[in-house]
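Step one of this worksheet: look at the structure below.
Taken together, the values in this text are just the output of simple stated rules run on the coordinates, not laboratory data. Predicted, not measured: the structure shown is a model, and the values here were computed from it. Neighbour counts are summed over all protein chains in view; Cβ atoms, including those assigned to glycine, are modelled from backbone coordinates with ideal geometry.
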C-alpha cells in the first residue's frame, strides 16, 4: 500500500507503459472520472470496446484483486482531483517574471513530493531500510541528475559511518558492480528505468547476489522489473526546458526517507557519528 494512495496518479504514470487495451481503458477512465464509479464492469467494457476480462486484468495490473475494490479506490481519489487541478505542474515559459518562476518551481517541487507519496510503497521502504541496516556496504549507481542524487546519498550515509560510494559514469559503474558481494546493497537511480549504463550495471550486480534496489518512476520499466525492491517516484518531466527538476526532488526525498529510516532505527549507535561529524564541520565553519 502506498503512503497516500491515489489510484488516479498511478494510472496517469503507468498509462504509457501499458498494453494497447489497458492504455485504452486508462485513457477512458482519466477522461471520464465522474461516471466511472457508477459503471459496472460490463458497462465499462462496453464503453471502451474491450471485455470484462480485459477490465479485470487492468484492475489487477493496477494492484487490485477485483473490480469492486478498484472502483472504491477511484471514488476515494476523485475527491482530491479538484484540488489537483488547481496545482498542475507548470513548465518553464519564455518571458516569465521572477514571481511566477518562484511560485511555479516551488509548487512543482511540492507536487512531485506529494505525488511520490501516492505511489511509493510503504512495505518496500521498510524492506529497503532493513537491507541497508544489515548490509556490509552500500553502492549507489546513477547517471546525470540521478548521479547527483547518488552523491547526496553517499554524503548522508557516510555521516552515520556506513561504508558506501556513489558511481556516476558507465565505466566505473561496471567495475563497481563486478566487485559487489552477496551482503552488499546496490541502489540504482534512474527516472526512466531504461538508462543503458544503469541496466548494464544491474545485470552484473544481480550475478553477484547483492541486494538490488531501484529508485525510479512508477511505470513498467526494465529496471523496475529486475530488482529486488522498487521505490517508486511520481513526477512528469514536462519538456526539455525543465530538465530533471521534478524527478531529482522526488529522488532526493526517497533518499532522505531511507537515511532517516536507518538512522532512527539505529539511533543509539549512530548518534555518536552524527554528533562527531556535526561538530567537526561546525568547528571548521567558525575558523
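Going residue by residue through the range 34-55, is there one that turns out to be part of a helix (DSSP H, G or I), more than 30 Å from residue 127 (Cα to Cα) and within 24 Å of the chain's Cα centre (by Cα)? So far as the range 34-55 goes, no, none of its residues is part of a helix (DSSP H, G or I), more than 30 Å from residue 127 (Cα to Cα) and within 24 Å of the chain's Cα centre (by Cα).
Answer yes if at least one residue in the range 166-179 is within 30 Å of residue 14 (Cα to Cα), assigned to a helix (DSSP H, G or I), in contact (Cβ under 8 Å) with a residue 60 or more places away in the chain and out of contact with any strand residue (DSSP E or B) (no Cβ under 7 Å at 6 or more places or on another chain), and no otherwise. Checked against the condition, which is being within 30 Å of residue 14 (Cα to Cα), assigned to a helix (DSSP H, G or I), in contact (Cβ under 8 Å) with a residue 60 or more places away in the chain and out of contact with any strand residue (DSSP E or B) (no Cβ under 7 Å at 6 or more places or on another chain), the range 166-179 yields no hits at all.
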